[in-house]
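The values are calculated or read from the model by the stated rules, or taken from the named source; none is laboratory data. All figures in this text were calculated on a predicted structure; none of them were measured in a lab. Using ideal geometry, Cβ is built from the backbone for each residue, glycine included, and neighbour counts are taken over all protein chains shown. Surface areas here come from the heavy atoms of the whole protein model, side chains and all, with no ligands, DNA or RNA. Shrake-Rupley method; radii C 1.70, N 1.55, O 1.52, S 1.80 Å.
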Amino acid sequence: MRHCVSLFVITISLLLCSCTYLTREPGVPPKIDGVPIPDAKRTVYVQNFRNNSYGMGLHTQLTGLVRQEIDFRGRFLQTREKSGAAYRIYGEISHYQLVGALLDQGGQHLSREMLVVCRVELQKAGGERIPLERDEIPARIVYSDQIGFRESEAQAQTRLLRILAVRISEEMERAWYFSIAGKIDE
């Protein structure tokens with residue numbers, strides 16, 4: 001009986017700890033010196049990305065994934081109207097490359113390497129460009145449809161674009177925050 005009571009107390013304490021973990025503020029909206037950034041300065045419009053490469057359909061998929069990632073992170077508030085946004089994100093896929101990386105004894109490709117480079121830009125509503133840490137963001141993966149974790153080219157492409165969308169979102173958030181806060185990480 002005594003063990004049941006102690007087990008009950010431990011269970012209740014774990015539940016209470018996890019409840020406080022779930023109800024705490026996740027850091028959205030972002031803050032500068034403890035003061036939340038107003039919603040008017042958080043609005044962003046994501047322009048459809050352009051494609052200047054041989055990868056067909058990459059730009060539409062990347063645009064959707066960047067929008068999803070920005071919504072998921074919660075730092076920006078997306079608008080459907082360009083005129084209602086304080087900031088605008090522009091992007092262009094400038095390079096797409098698919099290369100066979102590993103060959104078997106017969107000269108057949110066992111794995112392939114996929115590389116995408118995206119040029120991005122963040123602007124204020126007036127057209128002023130916000131300097132980014134890097135203007136071109138690369139993403140690279142190796143995949144195989146025969147050995148190891150098997151995936152098709154389309155699945156690998158989606159995985160690659162998800163990685164690229166995360167990197168683009170991080171870069172945009174960092175540049176936006178430092179432009180507002182006036183602080184640069186050293």
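Figures for the structure shown
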read-out	value
Of all DSSP beta bridges in segment 26-181, antiparallel share, percent nearest 5	75 percent
Only Lys, Arg (+1) and Asp, Glu (-1) charged, at Cβ; segment 38-186 dipole about Cα centre in debye	460 debye
Alpha-carbon gyration tensor eigenvalues x 5, square-rooted, for segment 26-181, Å	35, 15, 13
Å² of accessible area per residue within segment 26-181, as computed with a 1.4 Å probe and no ligands counted	55 Å²
Spacing of the two label points (7 Å from each Cα toward its C-beta) at D39 and N52, in nm	3.7 nm
Mean projected area in nm² (Cα convex hull; one quarter of hull surface) for segment 137-186	4.5 nm²
Signed unit charges on C-beta, dipole axis of segment 51-154, positive-most listed residue V142, V66, C118	V66
Computed lengthening from A154 to R174, 0.36 nm per intervening residue step minus Cα-Cα distance	4.2 nm
Inter-centroid distance (Cα atoms) of segment 142-186 relative to segment 81-99, Å	14 Å
L77 versus K124: modelled label distance in nm, points set 7 Å from Cα along the beta carbon direction	1.9 nm
With every protein chain in place, segment 26-181: carbon and sulfur % of accessible area (1.4 Å)	49 percent
Proximal charge balance of R129 [Cβ under 12 Å; K/R count +1, D/E count -1]	-1
